[in-house]
Amino acid sequence: MDFIPDFYKDIPLGTYDQTPGSPEIPSSTWEGIIISGPERVIPKSGELPILPICGYYLVPVLKAMDGPPLTVHVGRIDSDLSISGEIVEEGGNEPLVPPPPDAPRPSRELFEGVSTGGYFNVDAQKYLQIRLSPGTYQITVSYADATSNPIRIDIAAPK
């Protein structure tokens, strides 16, 4: 599989680290979600397209706790196709050392005014119920009442 720009081929998908594909954070006071991805995906014959999406979020903890998980939204530019998929990584939100079973749950008041953030690198195709065919797609990601900037990715016909 080839990508334009080429560095997307080396992005470790399913990770939570800053990578060469990670978007720049707009400012030190910014909150929300921002994403980036390749301009073009060029699968080889017989390959299913991979749709690398790199992002960063900084959102209020309470909104993250109360809302749906990180969700990718994909729409095909030349049709009314619009699909979404929740980005749920197995074990991704589990603490490294789980609290003891009898530990008290923290109160919601402790999280008032607190934000959480981090990088993510995913194959959006993995979370969609249909395989994307060649075409141009607009992608956004939502989380904690925030919606990312839209990006466009062209999936070429296999070569």
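Figures for the structure shown
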| quantity | calculated |
| --- | --- |
| Counted charge near P60, where neighbours are those whose Cβ lies closer than 15 Å (Asp, Glu -1; Lys, Arg +1) | -3 |
| Where the Cα pairs of the range 116-159 fall when distances are cut into 5 Å bins, in % | 5, 14, 24, 28, 16, 8, 4, 2, 0 |
| Separation of alpha-carbon centers, the range 99-159 and the range 30-73, rounded to whole Å | 5 |
| Of the trypsin sites (Lys or Arg not before Pro) in the range 1-76, those whose Cβ has at most 12 other Cβ within 10 Å and which sit in DSSP loop | K44 |
| Under 19 Å from K44, Cα to Cα: aspartates and glutamates that are on another chain or at least 8 residues apart | D2, D6, D10, D123, D154 |
| Chymotrypsin sites (Phe, Trp or Tyr not before Pro), loop per DSSP, at most 15 other Cβ atoms within 10 Å - longest free stretch of the chain | 31-159 |
| Cα pair distances of the range 1-119 binned at 10 Å [whole percent] | 10, 32, 35, 16, 6, 1 |
| Residues K126 and R152, FRET efficiency given R0 of 22 Å [Cβ-Cβ distance, rounded to 0.05] | 0.65 |
| Whole-Å semi-axes of the ellipsoid equivalent to the range 37-80 (Cα gyration tensor, √5λ, descending) | 30, 14, 10 |
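Values in this text are rule-based calculations from the coordinates and carry no lab data. Since the structure is predicted, the reported quantities are computational estimates derived from the model, not experimental observations. Cβ: placed from backbone, ideal geometry, glycine included. Neighbour counts: every protein chain shown.
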